[in-house]
1. Of ASN107, TYR88, GLY52, whose Cα points farthest to the positive end of the dipole of the stretch 9-143 (charges on the beta-carbon: +1 Lys, Arg; -1 Asp, Glu; origin at the Cα centre)?
2. Given the DSSP H assignment, sum -39500 (n - 2.57) over each helix run of at least 4 residues in the chain and divide by its residue total; what's the result at 222 nm in deg cm²/dmol, nearest 500?
3. Can you tell me the dipole magnitude for the chain around its Cα centre, using point charges on the Cβ only (Lys, Arg +1; Asp, Glu -1), in Debye to the nearest 20?
4. Per Stokes-Einstein, at 4 °C and 1.567 mPa s, what whole-number D in µm² s⁻¹ belongs to the chain, with the Kirkwood radius over Cα pairs as the hydrodynamic radius?
5. Taking a cut-off of 20 Å between Cα atoms, list the aspartates and glutamates near LYS143, but don't count ones fewer than 8 places away on the same chain.
6. What are the aspartates and glutamates whose alpha-carbon lies under 13 Å from the alpha-carbon of LYS116, with same-chain residues fewer than 8 places away excluded?
7. Would you mind calculating the gained length between VAL59 and THR41 on full extension (0.36 nm times residue separation, minus the Cα-Cα distance), in nm to one decimal?
Amino acid sequence: MIINIEITQTPDAEKLAALHAECFPAGWDAAAIRDILHTATTRAFVAPDHAGFGLLRVVAEEAEMLTLAVGRSHRRQGIAGHIVAAMYAWAQEQGAHAVFLEVRESNEAARALYRKAGFRETGLRKGYYPTGESTVLMRIDVK
Ligand SMILES: CC(C)(COP(=O)(O)OP(=O)(O)OC[C@H]1O[C@@H](n2cnc3c(N)ncnc32)[C@H](O)[C@@H]1OP(=O)(O)O)[C@@H](O)C(=O)NCCC(=O)NCCS
């Protein structure tokens, strides 16, 4: 299946916020999403029909994935994989040398997704969340 990912600095922030709230216990509102996108080198990567989206920021030679979410009814169709691939290509165009992200230790789905995309786990921040849960640091070198 071909999934075209739109790369934009001015997405429909309300729709992205609704999706974020569906995917995370503390979803970001539209204002927060617009705020993040004010930085010149931050982009939203949006799947068709707002089935999923991610935010990526490039600073100097490093890219950071800020969030990634796919709606429940659209999962396991390769959408997140396409978003991550589009992020990687854009980071490469911007001259980034690596893409970094953090993921909850218990989030097996996301960790499997990132490993499949070529990320490796580089560290653990113990007790990072108020619940005491740890976060895993991951990176992929951009070639
Ligand atoms: C994690 C998430 C983004 C995956 O989105 P998705 O579009 O379903 O992922 P894809 O279909 O592209 O999956 C690609 C690969 O990731 C892995 N994967 C995805 N979901 C998985 C799951 N629930 N269990 C195990 N592996 C999974 C698989 O290897 C999969 O390949 P396969 O389907 O050929 O086996 C989605 O489940 C989600 O939005 N979760 C809630 C928010 C979240 O956790 N975001 C990440 C925060 S860091």
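Please treat every number below as a calculation from the coordinates, not as lab data. Values in this document were obtained by computation on a predicted structure and should not be read as measured data. Glycine also receives a Cβ, built like all others from the backbone with ideal geometry; neighbour counts cover every protein chain displayed.
1. Of the options given, the answer is ASN107.
2. -9000 deg cm²/dmol
3. Dipole about the Cα centre, nearest 20: 440 debye.
4. 84 µm²/s
5. Correct list for LYS143: GLU61, GLU62, GLU64, GLU93, GLU121.
6. GLU108
7. In short, 5.8 nm is gained.
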